[in-house]
1. Give the residue, chosen from Ile108, Ile70, Ile88, Ile99, that is in contact with a helix residue (DSSP H, G or I) (Cβ under 8 Å, 6 or more places away or on another chain), modelled with pLDDT under 90 and of a type outside the set (Ser, Thr, Tyr).
2. Could you tell me whether Arg55 is modelled with pLDDT under 70, within 21 Å of Ile133 (Cα to Cα) and either among the basic types (Lys, Arg) or in contact with a Cys (Cβ under 9 Å, 6 or more places away or on another chain) (or both)?
Amino acid sequence: MNVYGDLKKLYKKWKEMDKSSESIPMGHNHGVVDVYLDPSLSITSDLFAEYLYLRGIEKCPVCHSQDVSIPEAQEGCCMTYSLPFQGIMSGTSEDHRYIESNSSHENISISYQLAIECDNCGHKPLFDKELVIKNIEKMIGTNNA
């Protein structure tokens, strides 16, 4: 029995997602806002939840409550948190692209983080997105690992 079967299916589904955009009306005479989704900047919350489950992370490491959630940005993808040289900033993929393209520092390094939130005590541990993906690929045995 392959314990990573669901993880492999969720990984494949995420890898096959296309970039997308949609225009959202902002009310009477307020125009529209274009919302962009780039799956490569995050992972789906289902994939992250399965990864955490398989790693034994099912409760808050501080208060041990099982009332934890995964913050979502849009279309089932995890909210990402950027860690630029100045500190933590949460936001959408558009926010992250803006920071990268408008940075006055040439060698700025931005690390994208995923989070779980404890709905009991508020603790929010962050997980490096690239390391999570690398570990998932190791677990399912892809050639990308």
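The values are calculated or read from the model by the stated rules, or taken from the named source; none is laboratory data. Remember, it's a predicted structure, so these values are computed and weren't measured experimentally. FYI the Cβ positions are ideal-geometry reconstructions off the backbone, even for glycines, and counts take in every protein chain you see.
1. From the options Ile108, Ile70, Ile88, Ile99, the qualifying one is Ile108.
2. No; evaluated as a whole, the condition is false for this residue.
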